[in-house]
Amino acid sequence: MSMIEKIKELRERTGAGMSDCKAALAETDGDIDAAIEVLRSKGIAKAAKKSGREASEGLVGSYIHGNGRIGVLVEVNCETDFVARTEDFQNFVREIAMQVAATNPLAVNAEGIDPEVLEAEKRVYREQAAEEGKPAEIAEKIVEGRIRKFLKEQTLLDQEYIRDPDKTIQDLLNETIAKLGENILIRRFVRFELGEGA
């Protein structure tokens, strides 16, 4: 089994993020069962189990950047008001708002992206592949790869964390869930940029 296949299986079995799985497998010389124990000991596998629990508390956080040129509001939910008031939770909400200010994603996850936007992107990539003279079956693989890259850049949870490019926002979320012991959900965000759309 290749390392990529092992990472995939470990992600499926634990719900942990890509970088956490990769690190756990490196630590255990590719032993999946031992890697699961490493993730459990760090609390990361527990985060996935909490993801089904109701998260209706939380807070709306804000971040203003560049002397008022960019503003972000983000709603992040957790299970209890107690956790919502903790410094760790509030710092997490602020980090998410700063990420949105810096990277301007289209949606929290792939399901939030308008299917028409995805179709338009696919059309552009197909035209580019045709101009490059690629055969149809290779062109489709190129389109799929470019769509994956587009989603990684444009969906908040798949983006690289601005403070640590080795982590995605999903990894940061999983770590925060493990640390605080509650399901946490990035519900929605809005980003304003001065003069945008004028």
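Consider residue 129 carefully, then state whether it is at pLDDT below 90 and out of contact with any Lys or Arg (no Cβ under 7 Å at 6 or more places or on another chain). Talk me through it step by step, then tell me what you get.
Numbers: at pLDDT below 90: yes; out of contact with any Lys or Arg (no Cβ under 7 Å at 6 or more places or on another chain): yes.
Considered against the rule, which asks whether it is at pLDDT below 90 and out of contact with any Lys or Arg (no Cβ under 7 Å at 6 or more places or on another chain), residue 129 comes out as yes.
Are any of the residues in segment 161-180 under 13 Å from the mean Cα position of the chain (by Cα), surrounded by 16 or more Cβ atoms within 10 Å (Cβ to Cβ) and among the basic types (Lys, Arg)? Within segment 161-180 (the criterion being under 13 Å from the mean Cα position of the chain (by Cα), surrounded by 16 or more Cβ atoms within 10 Å (Cβ to Cβ) and among the basic types (Lys, Arg)), the answer is yes, since at least one residue qualifies. Total residues in segment 76-134 satisfying the condition of being among the aliphatic types (A, V, I, L, M), more than 22 Å from residue 190 (Cα to Cα) and buried (at least 16 other Cβ atoms within 10 Å of the Cβ): the figure is 2.
Among the conditions (1) out of contact with any Phe, Trp or Tyr (no Cβ under 9 Å at 6 or more places or on another chain); (2) more than 19 Å from residue 159 (Cα to Cα); (3) at pLDDT below 95, residue 90 misses just one, which is (3). The selection criterion, being surrounded by 16 or more Cβ atoms within 10 Å (Cβ to Cβ), in contact with an Asp or Glu (Cβ under 8 Å, 6 or more places away or on another chain), modelled with pLDDT of 85 or more and within 19 Å of residue 192 (Cβ to Cβ), holds for residue 70.
Taken together, the residues in segment 150-190 that are of a type in the set (Phe, Trp, Tyr) and in contact (Cβ under 8 Å) with a residue 60 or more places away in the chain amount to 2. When you look at residue 155, is it over 23 Å from residue 20 (Cα atoms) and of a type in the set (Val, Ile, Thr), yes or no? It is false that residue 155 is over 23 Å from residue 20 (Cα atoms) and of a type in the set (Val, Ile, Thr).
The values are calculated or read from the model by the stated rules, or taken from the named source; none is laboratory data. Keep in mind that what you see is a predicted model, and the values were worked out from it rather than measured. Neighbour counts are summed over all protein chains in view; Cβ atoms, including those assigned to glycine, are modelled from backbone coordinates with ideal geometry.
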